[in-house]
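Peer 1: Here it is, the structure in full.
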Amino acid sequence: MGLAFALGLVALLVLGSFLTYNALVARKNGVENAFGAIEAYLKKRHDLIPNLVEAVKRYMAHERELLERLVELREKASGALREGNPEEDFRLEGEISRLLAQVRLRAEAYPDLKASQNFLQLQAALTEVEDSLAAARRFYNQAVTDYNNAIEQLPGRLLAPLMGLTRKPVFTLPEEERERPDLGKLFG
Amino acid sequence: MEREEILASLEAKLAPLEAKRKRELLLAGALLLLTPFWAYLLLEAFQAMGARGLGSLWALLVAIPPGLALWRLGVLRSTLKWELTKPLAEALGFTYLPALGLPQAEAEASGLLPRADRYEGEDLLEGRVGPFAFRSGDLALYRKVRTKNGTRYQRFFSGTLYRFALPFAFPQEIRLAPQGAGVRAGGASPALVLGFLAVFWGLLIAGLLFAEGEREGLPLVVGGFALLSLPFLLYGLIYGLSLWKPGAGPKERVVLESGAFERLFDAYGDQIEARKLLTPRVQEALVEFRQALGKPFWAAFRENEAWILVQGRNRFEPNLFRPLNQGTLATYLRAWTKDLEEARRFLEAMGLFLEAAKRGKGGG
C-alpha cells in the first residue's frame with residue numbers, strides 16, 4: 001500500500017513536470033510568435049516609408065527636415081530590428097509613429113498633396129499597417145503577460161530557472177505618445 | 001416624417017383597430033369557452049352512432065374551436081403589425097414584412113445557428129444604416145421530440161438575426177459569443193466541455209481509489225460515476241468531432257484586455273485580425289451594448305458580411321390584451337423605434353462606421 005502510494009506520487013510528479021515544461025515552452029514560443037508578427041508589420045511599415053517620403057517631398061518642400069529625420073529613424077530602426085534589439089527597436093518605432101503622425105497632420109495644409117491618388121493610397125496602406133501593428137503589439141503584450149505569469153507562478157516558478165527562462169518586458173507606449181498631441185506645437 | 005406626423009397618421013387608425021381587437025378577442029374567447037361543450041356534444045354524437053376506435057377523429061374535431069381561436073388571434077396580431085409597425089418602419093426608411101422572415105438557407109449561412117429540425121421566421125426588416133445595407137428577421141428553431149403519444153416539435157431557440165453587407169472585407173473570420181456558450185448558439189465552449197469532463201473523470205478516479213479494498217465486482221459509487229460521466233464523454237467526443245467539421249467557424253480563442261468584456265464574451269479568430277476589430281474602445285462599447293440589450297448575442301464577421309444573432313429577442317410584438325389607445329400607441333412607438341434602431345447601435349458599438357470612414361467608404 002505504502003509503495004503503491006509512493007510510486008503513484010512519483011508518477012504524478014513526473015507527469016506534472018512534463019506538463020509544466022510543455023506549458024512553459026508553449027508560452028515562450030507564443031511570445032516569439034507574437035514578436036515575429038510585430039517584426040513582420042514593422043518591416044512592412046519600413047518598406048512603405050521611402051515611398052511615402054518620395055510621394056510627399058515634392059509637395060512638402062518646407063518639411064524637408066521632418067522627412068529627413070523620418071528616413072534616418074527608419075534606417076536606425078531597421079538596423080535594430082536586424083540586430084534583434086527589441087527594446088531599442090520599440091523606442092525608435094515609437095518615434096517613427098510620432099513623426100508619421102506629424103507628416104499626416106502637416107499634409108492637411110497641402111491641398112495638392114491631399115488630392116494626390118498616390119498619397120491617398122500610401123496613407124491607406126500605412127493606416128492598415130499601423131492598425132495591424134497596434135493589434136500585434138497587444139497580442140505580444142498578452143503573450144508576454146501569460147508567459148511572465150507562467151514563470152512566476154507555481155509550479156512554473158520551480159522549473160523556469162532550470163530552463164533559463166526570465167521575465168520579458170511588455171511593450172509600452174513612449175511617454176510622448178501617451179500625451180495628447182499638441183497641435184499648435186506640431187504646426188509650429 | 002417627424003414623430004408627430006407618424007403619431008397623427010397612426011392615431012387615425014386606432015379606433016377601427018381597437019374595435020377589431022375587441023371583436024376578435026370576444027370571438028376567440030367564445031370559441032375557447034365553447035370547446036368543452038363541443039367536446040361533450042361530439043362524445044354524445046359518437047356514442048349515439050356507436051362509433052368505436054375513432055378517438056383520433058374525435059380529438060381532431062374537438063381541436064377545431066381552439067384552433068380557430070388561435071388562428072383569429074394570429075390574424076389580429078399580423079393586422080396590428082401591418083397597420084402600426086409597417087408605417088413606422090417605412091417612415092424611418094426601412095422595409096418591413098411582418099409575415100416573412102429570413103429564409104432558412106440564408107439564416108443557416110450565418111454559421112451561428114444550431115442544427116434544427118424545424119425553422120420559423122417572421123418580422124423581415126430590410127434597410128440601410130449609413131454605408132451598410134442590412135436584412136434581419138426574428139426566428140424560432142424547433143427540435144423533433146418523439147414521445148409515446150407521437151412526434152412533436154419543441155422550440156429550443158428563438159431570437160433575431162441580422163445580416164449586414166459591409167463595404168470592406170475581413171480577411172479572416174472573427175466570431176464573438178456569450179462567455180462559455182461556444183461559437184454558435186446552442187453549443188458550449190471547449191473550456192466548459194473540458195471542465196465537465198475533468199470533474200466527472202476526476203470523481204471517477206477518486207471513486208476507484210477509495211474503492212481499492214473492495215475486490216468483489218464494481219463498487220456502486222464507481223459504477224455510478226462511470227454512468228454519469230458517459231453522456232459528458234459522449235458530448236466531448238461529439239464536440240471534438242465538430243471541431244474537424246469544415247465551416248464550423250474559427251477555433252482559436254482570443255483573450256482580450258478588458259476584464260468586463262472577458263466576463264461577458266468569448267472572441268475567436270486570428271489573434272491579430274480579431275484585435276484589429278476588437279480594440280479596447282470597441283470592447284468597452286460592446287459591454288455597454290450588451291448591458292443595454294439585456295440579451296446574449298453571437299456575432300460573425302466574414303468576408304464582406306457581418307452577422308449578429310440576439311437570443312430571446314422578439315421585435316415589434318403588440319400586446320393583444322392591451323386596449324389600443326394613445327398611451328399604448330406611444331409605448332409601442334418607443335419600443336419599436338428602439339427595435340428599429342438596434343442595427344445602428346450594433347454597428348456603432350462594433351466601430352464599423354469608423355472602420356468604413358477610415359477606408360474611405362463612409363458615405364450612405
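The values are calculated or read from the model by the stated rules, or taken from the named source; none is laboratory data. For clarity, every value in this text was computed on a predicted model and none was experimentally measured. A quick note on method: Cβ atoms are made from the backbone with ideal geometry, for glycine too, and the neighbour counts reach across all protein chains shown. Each accessible area value is taken on the protein alone, full model and side chains, heavy atoms only, with ligands, DNA and RNA left out. Shrake-Rupley method; radii C 1.70, N 1.55, O 1.52, S 1.80 Å.
Peer 1: Quick test for you: out of A:Arg167, A:Arg157, pick the one residue that is part of a loop (DSSP other than H, G, I, E, B), more than 10 Å from chain B (Cβ to nearest Cβ) and either surrounded by fewer than 19 Cβ atoms within 10 Å (Cβ to Cβ) or touching an Asp or Glu at 6+ places or on another chain (Cβ under 9 Å) (or both). Reasoning before the result, please.
Peer 2: Working: A:Arg157 fails: part of a loop (DSSP other than H, G, I, E, B).
The unique qualifying residue is A:Arg167.
Peer 1: Still on this structure, please answer the following. Would you say A:Leu120 is more than 14 Å from chain B (Cβ to nearest Cβ), without any contact (Cβ under 8 Å) to a residue 60 or more places away in the chain and of a type in the set (A, V, I, L, M, F, W, C)? Full working, then the answer.
Peer 2: Working: more than 14 Å from chain B (Cβ to nearest Cβ): no; without any contact (Cβ under 8 Å) to a residue 60 or more places away in the chain: yes; of a type in the set (A, V, I, L, M, F, W, C): yes.
It is false that A:Leu120 is more than 14 Å from chain B (Cβ to nearest Cβ), without any contact (Cβ under 8 Å) to a residue 60 or more places away in the chain and of a type in the set (A, V, I, L, M, F, W, C).
Peer 1: Of the numbered conditions (1) within 20 Å of B:Arg322 (Cβ to Cβ); (2) at pLDDT below 90, B:Gly53 fails exactly one; give the number of that condition.
Peer 2: Every listed condition holds for B:Gly53 apart from (1).
Peer 1: Need at least 3 residues that are at pLDDT 80 or above and surrounded by fewer than 19 Cβ atoms within 10 Å (Cβ to Cβ) per element, so show me which helices (runs of 4 or more DSSP H) inside segment A:30-123 make the cut, counting only ones lying wholly within it.
Peer 2: It comes to A:64-83, A:86-107.
Peer 1: Test of understanding: among B:Trp336, B:Trp307, which residue is in a helix (DSSP H, G or I), under 29 Å from B:Ala185 (Cα atoms) and open to solvent by less than 10 Å² (accessible area, probe 1.4 Å)? Steps first, please.
Peer 2: Details: B:Trp307 fails: in a helix (DSSP H, G or I).
When all the criteria are applied, what remains is B:Trp336.
Peer 1: What is the residue count in segment B:270-282 for residues that are away from chain A (no Cβ under 11 Å) and open to solvent by less than 30 Å² (accessible area, probe 1.4 Å)?
Peer 2: Applying the first criterion (away from chain A (no Cβ under 11 Å)) to segment B:270-282 yields B:281-282.
Still in the list and also open to solvent by less than 30 Å² (accessible area, probe 1.4 Å): B:282.
Number satisfying all stated conditions: 1.
Peer 1: Select, from B:Leu102, B:Leu112, B:Leu139, B:Leu80, the only residue that is in a strand (DSSP E or B), of a type in the set (A, V, I, L, M, F, W, C) and buried (at least 17 other Cβ atoms within 10 Å of the Cβ).
Peer 2: Details: B:Leu102 fails: in a strand (DSSP E or B); B:Leu112 fails: in a strand (DSSP E or B); B:Leu80 fails: in a strand (DSSP E or B).
On inspection, the qualifying residue turns out to be B:Leu139.
Peer 1: Among the residues of segment B:31-56, which ones are exposed (fewer than 12 other Cβ atoms within 10 Å of the Cβ) and in contact with a Leu (Cβ under 8 Å, 6 or more places away or on another chain)?
Peer 2: Scanning segment B:31-56 gives no hits.
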